[in-house]
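The values are calculated or read from the model by the stated rules, or taken from the named source; none is laboratory data. None of these values were measured; they are calculated from a predicted model. Here the Cβ positions follow ideal geometry from the backbone for every residue, glycine too, while neighbour counts run over all protein chains shown. Just the protein is used for accessible areas: all its heavy atoms, side chains included, with ligands, DNA and RNA removed. Shrake-Rupley method; radii C 1.70, N 1.55, O 1.52, S 1.80 Å.
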Amino acid sequence: MKLSHLSVALLALAAIPAFAAPVNYTIESNHTYPSFEADHMGLSVWRGKFTKTSGTVVLDRAAKTGSLDIVIDPASIDFGHEKMNKHAKSPDMFNVEKFPTVTYKASSFKFDGDKPVAVEGQLTMLGVTRPVTLTVGKFTCKMHPMLKREACGADATAQFNRTDFGLSYGTPLFAPEVKLAIQVEAIKAD
């Protein structure tokens, strides 16, 4: 069988491995809520969340690289207790008038196969920036059944000392360690 020049060219192209390009995703703010656990005088653990989050994720699973840029509105803090919410927004704690955003920026991802398992980034809170590593416990990408675009979701956790960021209210009566948990969903950008 004789192959045409076009057939030979197509076969040659088919033999070249495909290289994935970075894919941009937009954080789905209605499905992304950073939550946290903090000590309450050694008596109990208070849990709260931030209800307003935005940002972008860039992933290149073939190259095992990525970046993350998340903006959190600290005025959206919700403990399920209005008096506590009001106090958390005050200068004693998040000082939301002076510091209207909390950010997390990362460009170092660790992968296991094509799935990220850790993100090393910089958390900025109260004007202080410190390294915080997120451990990714679950990561999945699939076609979103309603939006008909790829969506990725993850469950990530971290621990840090809030006093490292200047949030010292109540110490030592209130322990400074904070556990952070973020469920995040992001939609592939057009």
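So the values come out like this:
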| quantity | calculated |
| --- | --- |
| Filter result for V96 (without any contact (Cβ under 8 Å) to a residue 40 or more places away in the chain, aliphatic (A, V, I, L, M) and in a strand (DSSP E or B)) | no |
| Test for A88: is it under 24 Å from E28 (Cα atoms), of a type in the set (A, V, I, L, M, F, W, C) and surrounded by 12 or more Cβ atoms within 10 Å (Cβ to Cβ) | no |
| Leading residue by the ranking (farthest from T124 (Cα to Cα)) among those in region 41-57 that are open to solvent by 40 Å² or more (accessible area, probe 1.4 Å) and assigned to a strand (DSSP E or B) | S44 |
| Qualifying residue in region 163-180 (condition: open to solvent by 50 Å² or more (accessible area, probe 1.4 Å), over 26 Å from N95 (Cα atoms) and out of contact with any helix residue (DSSP H, G or I) (no Cβ under 7 Å at 6 or more places or on another chain)) | no |
| Residues being in contact with a Phe, Trp or Tyr (Cβ under 8 Å, 6 or more places away or on another chain), closer than 18 Å to L180 by Cα and small (G, A, S) - total across region 99-153 | 3 |
| Filter pass, L147 being over 16 Å from V23 (Cβ atoms) and of a type outside the set (D, E, K, R) | no |
| Residue in region 47-54 that is under 30 Å from N24 (Cα atoms) and either among the basic types (K, R) or more than 18 Å from the chain's Cα centre (by Cα) (or both) present | yes |
| Matching entry among K188, K110, K98, K142 (being out of contact with any helix residue (DSSP H, G or I) (no Cβ under 9 Å at 6 or more places or on another chain) and crowded, with 17+ Cβ neighbours inside 10 Å) | K188 |
| Of all residues making up region 74-85, the number that are open to solvent by 30 Å² or more (accessible area, probe 1.4 Å) and part of a helix (DSSP H, G or I) | 4 |
| Strands (runs of 3 or more DSSP E) lying entirely in region 124-189 (those with 2 or more residues that are without any contact (Cβ under 8 Å) to a residue 24 or more places away in the chain, over 20 Å from V45 (Cβ atoms) and touching a strand residue (DSSP E or B) at 6+ places or on another chain (Cβ under 7 Å)) | 128-143 |
| Breaking point among (1) in contact with a Ser or Thr (Cβ under 9 Å, 6 or more places away or on another chain); (2) surrounded by 18 or more Cβ atoms within 10 Å (Cβ to Cβ); (3) more than 18 Å from I182 (Cβ to Cβ), for R61 | (1) |
